[in-house]
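What follows is a set of notes on a single structure, which appears directly below.
The values are calculated or read from the model by the stated rules, or taken from the named source; none is laboratory data. Worth saying up front: this structure is predicted, and the values here are computed from it rather than measured. No Cβ is skipped: glycine too gets one built from the backbone with ideal geometry, and neighbour counts run over all protein chains shown. Surface accessibility is based on the protein's heavy atoms, side chains included, excluding ligands, DNA and RNA. Shrake-Rupley method; radii C 1.70, N 1.55, O 1.52, S 1.80 Å.
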Amino acid sequence: MDAGKRISKFLRSEGFHNFKHNPFAIAGAVIIFLFLLTAVFGPHLVSQNPYDLAQLDLNDSYKPPIWQEGSDPRFILGTDDQGRNMVSAIVYGVRMSVTIGFCVTMICMTVGTVLGLISGYKGGRLDSLIMGLVNVQLSFPSLLIAMLVLIAFGRGVWKIILALSFSGWVTYARTVRGTAMAEKNKEYVEAAKVIGFPERVILFRHILPNVMTPVIVIATLQIGTVILSEATLSFLGIGIPITEPSLGLLVAQGYNVLFSGLWWVSVFPGLVLMLLVVGMNLLGDFLRDEFNPRLK
Amino acid sequence: MLVVIAIVATIVFIFVNMLGDPAVLLLPPEASPEELAKARAAMGLDKSPWEQYKLFAVNVLHGDLGNSFVFREPAMKLIFERMPATLEIVILAMIIAALIAIPLGVYVGAHPNTFLSRSILSLSLLCISMPTFWFGIVLILVFSVQLGWLPSSGRGDVVVVWGMRLSFLTWDGLKHIILPAVTLAVQQLATQLRLTRAGMMEVLRQDYIKFAKAKGVSPHDVLYGHALKNALIPVITVYGLEFGGLVVFATITETIFAWPGMGKLLIDSINISDRPVIIAYLMLASMLFVVINFIVDILYTIVDPRIDLR
Amino acid sequence: MTMTEEAKNDNGVLLEVRDLSTHFHTFRGVVKAVDGVSFSLKRGEILGVVGESGCGKSVTGFSVLRLIDPPGRIAGGDIIFEGESLLKKSEREMERIRGNKISMIFQDPMTSLNPVYTIKRQICETLELHEGLRGREAHKRAVELLRLVGIPSPESRVNYYPHQFSGGMRQRVIIAISLATSPSLIIADEPTTALDVTVQAQLIKRLYSLVRKNNSSMILITHDLSLVSGVSDNIIVMYCGRVIERGSSEAVISRPAHPYTVGLLGSIPKMAGEREMLRQISGMVPNPFDMPAGCAFCPRCEMAQSICEKEYPRMREIEEGHCVCCHFAGGRGL
């Protein structure tokens with residue numbers, strides 16, 4: 001089937017029909033799309049790069065949002081203690097969150113799926129080894145594992161990605177392994193073996209597509225968690241260093257000045273974070289319910 | 001179970017050694033080369049790695065994880081002192097979460113298409129997507145800064161019970177405990193609710209539910225008699241596992257509310273590089289999980305008659 | 001309790017189903033699972049409902065008890081039980097009838113019992129609900145019931161959990177539950193299909209004798225004609241949601257009229273006599289979303305003529321008590 005036919009088949013499918021009629025799913029997709037746009041184009045559209053020290057003016061610090069007294073029309077949502085425009089800071093923060101969310105999820109998805117496929121298909125000692133690792137890791141909360149890695153290696157963007165990936169691959173591995181084990185006994189796999197395809201090909205060309213559905217669901221739901229985790233770790237001061245943008249760091253800054261009545265530094269970044277994760281979860285929820293055969 | 005603890009201890013040991021010179025790790029940063037050499041010798045670092053490991057193991061078994069740089073007291077002792085505070089908010093949070101999540105989850109699972117159900121579900125989505133630390137800050141803004149009803153930090157007055165200092169038994173203590181506990185409870189609540197709902201929805205599709213209806217059992221009894229027990233089995237076990245995670249997660253809440261628990265100690269220690277305390281916390285937290293997992297496994301066999309103790 | 005002793009002016013007719021229709025509204029269209037089904041059942045009669053998977057026989061059974069969940073709904077017709085219309089009853093009234101005057105045996109014994117409760121509890125639930133028995137009394141009766149259905153050492157087994165029983169045993173437990181209140185009508189939906197062949201015969205025999213002893217009526221739903229021939233008094237054959245033949249067991253089995261029935265009988269392997277090729281019914285069941293205008297069996301029928309495609313045949317009596325839904329009556333016998 002050529003691309004045009006595939007697209008029209010998809011548009012007529014039950015899944016897409018359910019999507020069209022589900023306002024939540026559509027809202028989620030729209031939100032995610034807007035955030036993606038922000039992440040990619042945002043920094044070019046805002047007036048200030050809040051992380052370029054040369055562009056900041058301390059005289060601009062602590063200006064309230066535009067609807068309060070004492071505000072400056074240049075800064076719609078106010079400024080922080082360094083004179084950073086909240087809007088700009090948030091936009092840069094969004095880019096960081098989206099990037100980290102995406103990277104971590106991609107890494108976990110790849111590593112987890114590959115390990116899960118191998119584990120489920122080959123079985124035996126390799127399976128026990130991988131599953132043993134999975135089980136040990138599952139008994140510990142991901143936050144703790146991430147903390148462990150960050151405490152040991154220090155702060156930094158790539159270190160956070162590493163730390164969060166450490167605990168994230170596990171769910172994929174387990175799910176994929178289960179599906180791989182179920183699929184390997186099916187006839188089409190037998191047929192492929194008989195034809196003489198090497199194992200690698202069978203795994204990736206034949207079994208993998210059948211495993212993708214739960215993987216996609218896990219991925220959409222995981223991005224939100226990753227984004228929140230990064231924000232949390234940054235807030236605690238063990239995540240992204242202060243020289244880089246992060247929504248979590250912004251909230252942390254705001255926390256320090258909470259009692260001076262400078263509420264906007266904390267509230268807006270958090271709100272934006274929440275919105276981003278809500279979008280992810282809306283779509284993720286829809287996909288999960290859609291792909292769950294047991295609910296039909 | 002002991003095997004797993006041993007494995008965990010070994011991992012921590014490897015980690016510590018991986019990070020470079022343990023002497024540097026465990027001594028204040030200003031130590032001179034002679035002090036370092038002395039410390040190394042005292043720690044047996046001039047011995048072979050295997051010897052070191054044995055020493056470490058022996059020390060761990062004695063609960064000796066070194067002294068805090070800052071407090072000059074055994075790290076373990078410091079952590080244990082703060083444990084009741086952490087446990088207070090964690091347990092209170094779990095109770096709050098369960099009391100709200102389970103009944104609501106049952107309702108939403110049984111009647112998924114009502115307006116109320118959909119609203120509850122949307123609200124729960126919001127709660128899951130919300131960064132906990134931000135929510136705590138918002139609570140402080142509203143209840144402390146704006147309304148001035150509740151204190152924004154610290155722990156209230158304590159009462160000593162069995163050697164433990166507990167604060168929820170005093171009115172002042174309750175005022176202090178409420179905001180942190182609620183902050184902690186929110187995400188828990190939402191997850192529990194969804195889990196209960198999912199469990200209910202799955203159980204209600206089972207044949208034995210239809211059979212119960214065919215026997216003439218009333219809808220109320222079908223829900224609470226037949227469906228609930230089956231639906232709660234996975235919920236209870238997740239609940240148990242969440243407990244451990246919540247203890248760690250409480251770190252955030254403790255930081256925001258300056259609540260003197262284990263988590264706050266950890267963050268403070270990280271900020272001033274009080275390494276023995278950090279290591280002690282990690283070891284303790286890890287052990288806690290192993291124990292919890294074990295208990296949950298046993299709990300599972302009790303609750304589900306299909307599972308044997310084997 | 002025991003069957004009503006009041007004189008009912010119903011000629012001994014326990015259940016009458018008139019023109020029942022049950023439809024399912026799905027994404028792809030409406031499925032008329034039951035499409036104008038009528039039959040009646042006297043007290044003490046055993047009726048076999050026969051047809052292949054998907055012909056609507058199970059849905060008919062569930063419809064009688066009004067256990068149809070959305071997206072299905074009972075779309076038309078009436079169900080008269082003991083002189084009263086079941087479709088007009090409130091849900092609470094139905095709850096009093098279910099498991100009490102009409103009970104049902106489900107197909108899969110492995111999933112019909114609640115796994116986290118003992119079978120004692122599940123039997124006593126019925127006893128408490130409909131007979132008001134509790135405690136010692138209920139326990140005694142539960143043990144008695146287990147003995148009745150042939151479960152060995154019932155005193156100790158009554159405290160078992162379902163997973164400690166085999167499939168055949170579980171089905172016996174379910175039969176025990178369904179007989180606990182001496183119902184007037186038992187609907188048995190493929191009670192032996194999920195069991196081993198060796199167990200099937202035992203179970204049916206036991207079920208048959210218990211039903212007869214109680215003087216209950218039974219609707220035995222199955223795809224297995226041979227099962228039904230030994231046990232039921234009358235048979236109706238269903239195809240694509242409609243009744244296509246009805247009559248006494250003897251008549252339908254020895255003088256099948258509808259080509260479909262003939263085909264079904266012809267495809268039963270014979271144990272004795274010469275070995276012949278098993279005759280199949282060619283073709284497939286039509287797409288439920290795209291039912292033909294005329295007779296549903298037409299595409300597969302050897303005797304089809306042009307009228308069969310255009311006009312749906314009326315039910316005609318070909319001998320006393322034996323009706324068939326076909327334009328050409330009196331088809332070949334075996």
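Side notes on the structure shown:
- Relative to the 2.2 N^0.38 Å rule of thumb, the stretch C:43-83 has a C-alpha radius of gyration ratio of 1.31.
- For the chain pair B and A, buried accessible area totals roughly 3600 Å², probe 1.4 Å, rounded to the nearest 100.
- Taking every residue in A:135-145 and counting other chain Cβ atoms within 10 Å of its Cβ, the average works out to 6.
- Think of a 1.4 Å ball rolled over the protein heavy atoms: the stretch B:137-277 then has 38 Å² of accessible area per residue.
- In the context of the full set of protein chains, residues of the stretch C:1-149 present 46 Å² of accessible surface per residue (probe radius 1.4 Å, heavy atoms only).
- Accessible surface, 1.4 Å probe, highest first, among residues C:I307, A:I32: C:I307, A:I32
- The interface between chain C and chain B buries about 2100 Å² of solvent-accessible area in total (1.4 Å probe, ligands and nucleic acids excluded).
- Per-q log10 I(q)/I(0), chain C, q = 0.06, 0.08 Å⁻¹ (Debye; single scatterer per alpha-carbon; no solvent): -0.22, -0.40
- Accessible surface for A:R205 stands near 150 Å², nearest 10, in the context of the full protein assembly shown (1.4 Å probe).
- B:W259 long-range amide H proximity, modeled H, under 5 Å: B:G154
- A loss of 50 Å² or more of accessible area (1.4 Å probe, protein heavy atoms, ligands and nucleic acids excluded) relative to the isolated chain is seen in these residues of the stretch B:115-140: B:L125, B:S129, B:P131, B:F133, B:W134, B:I137.
- Relative contact order [Cα under 8 Å, 6+ residues apart], the stretch A:28-291, whole percent: 24
- For the stretch B:241-310, carbon and sulfur atoms together expose 63% of the accessible surface, with a 1.4 angstrom probe and every protein chain in place.
- Surface composition of the stretch A:28-291: carbon plus sulfur atoms hold 65% of the accessible area, using a 1.4 angstrom probe and ignoring ligands, DNA and RNA.
- Distance histogram in 5 Å bins (all Cα pairs of the stretch B:71-114, percent per bin): 5, 18, 14, 12, 11, 9, 8, 7, 6, 5, 3, 1, 0
- Around the amide H of C:Y117, modelled in the peptide plane, lies no amide H under 5 Å away from a residue 5 or more places distant or on another chain.
- For the stretch A:172-296, the per residue solvent-accessible surface stands at 42 Å², with DNA, RNA and ligands left out and a 1.4 Å probe.
- Taking the chain by itself as reference, the stretch B:223-250 contains these residues with an accessible-area loss of 20 Å² or more in the full protein complex (1.4 Å probe, heavy atoms): B:G225, B:H226, B:K229, B:N230, B:V248, B:F249.
- Over the C-alpha trace of the protein assembly as shown, radius of gyration and Dmax come out as 35.0, 116 angstrom.
- Amide H contacts under 5 Å for C:I105: C:I187, C:A188, C:D189, restricted to partners 5 or more places along the chain or on a different chain, H placed in the peptide plane at 1.01 Å from N.
- Taking N as the residue count of the stretch B:257-310, its C-alpha radius of gyration divided by 2.2 N^0.38 Å amounts to 1.71.
- For C:K32, solvent-accessible area (1.4 Å; no DNA, RNA or ligand), Å²: 110
- Estimated D of the stretch A:142-255 in µm² per second, where Rh is the Kirkwood radius over Cα pairs and Stokes-Einstein applies at 10 °C, 1.306 mPa s: 97
- Across B:L87, C:L203, the residue with the most accessible area heads the list, and the full order at a 1.4 Å probe is B:L87, C:L203.
- Where N is the number of residues in the stretch A:28-291, Cα Rg divided by 2.2 N^0.38 Å: 1.21
- Per-peptide average of other Cβ atoms within 10 Å, ordering B:226-238, B:176-188, A:206-218 highest first: B:176-188, B:226-238, A:206-218
- Per-selection metrics, the stretch A:1-143 (Cα): Rg and Dmax in Å: 23.5, 70
- Once the partner protein chains are put back, the stretch C:88-102 shows a loss of at least 10 square angstrom of accessible area, versus the chain by itself, at C:E95, C:R98, C:G99 (probe 1.4 Å, ligands and nucleic acids excluded).
- The stretch C:4-117 - percent of accessible surface contributed by carbon and sulfur, probe 1.4 Å: 46
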